[in-house]
Amino acid sequence: MERVQTKIGAIMLIFLLLTVATAILVQRQGQGADATAINVAGRQRMLSQKMAKEALGIVHGDRPIQAQEQLRQTRDLFERGLSGLIEGDRDLGLGQEQDPAILQRLRQVQTMWEPMRQRVDRLVASDRAASLTDEAAYIYDHMITA
């Protein structure tokens with residue numbers, strides 16, 4: 001009888017250890033996903049500031065053509081990050097956001113981004129200095145305060 005109790009105890013201990021290990025694994029995976037989302041969100045802020053700098057570089061810099069290409073690339077990175085934070089992006093390591101409060105905030109950012117994107121698109125596509133100055137000023141004013 002004692003051997004049966006010992007075996008049952010050993011089985012229960014193994015089951016308990018597996019349960020604890022599974023819980024730890026699930027928690028770590030969740031934390032990893034949160035860390036990735038936090039990193040991408042931080043990158044979004046940096047990219048918004050980078051776009052403001054590149055907009056000024058187009059108007060006042062020595063290499064406006066290169067600045068336009070850099071702005072185009074930065075815009076694309078920003079859009080991919082924003083889309084990934086909302087809808088998920090496997091390559092970025094992001095899952096689709098499920099929290100309604102976070103989704104609401106991200107949708108607000110997306111709404112604020114739309115008119116900015118139009119300005120960035122015009123700035124990237126334009127070759128007229130006068131329109132570039134207006135677009136760059138708008139982008140700088142709004143991206144720095146974002």
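Annotations
- Number of positions in the stretch 57-108 that are over 21 Å from Met46 (Cα atoms), in contact with an Asp or Glu (Cβ under 6 Å, 6 or more places away or on another chain) and assigned to a helix (DSSP H, G or I): 0
- Val40 being part of a helix (DSSP H, G or I), in contact with a strand residue (DSSP E or B) (Cβ under 9 Å, 6 or more places away or on another chain) and either loosely packed, with under 14 Cβ neighbours inside 10 Å or not aromatic (Phe, Trp, Tyr) (or both): yes
- Among the residues of the stretch 58-96, those identified as at pLDDT below 85 and of a type outside the set (Lys, Arg) are Ile58, Val59, His60, Gly61, Asp62, Pro64, Ile65.
- Residue within the stretch 110-133 that is modelled with pLDDT under 85, polar (S, T, N, Q) and in a helix (DSSP H, G or I) present: yes
- In this structure, Ile58 does not satisfy being surrounded by 14 or more Cβ atoms within 10 Å (Cβ to Cβ), within 12 Å of Ala37 (Cβ to Cβ), aliphatic (A, V, I, L, M) and touching a helix residue (DSSP H, G or I) at 6+ places or on another chain (Cβ under 8 Å).
- Among residues of the stretch 134-143 being closer than 20 Å to Leu77 by Cα and aliphatic (A, V, I, L, M), the one that is modelled with the highest pLDDT is Ile139.
The values are calculated or read from the model by the stated rules, or taken from the named source; none is laboratory data. Note that the structure is predicted; figures quoted are calculated from it, not measured. All Cβ positions, glycine included, derive from the backbone under ideal geometry; neighbour counts span all protein chains shown.
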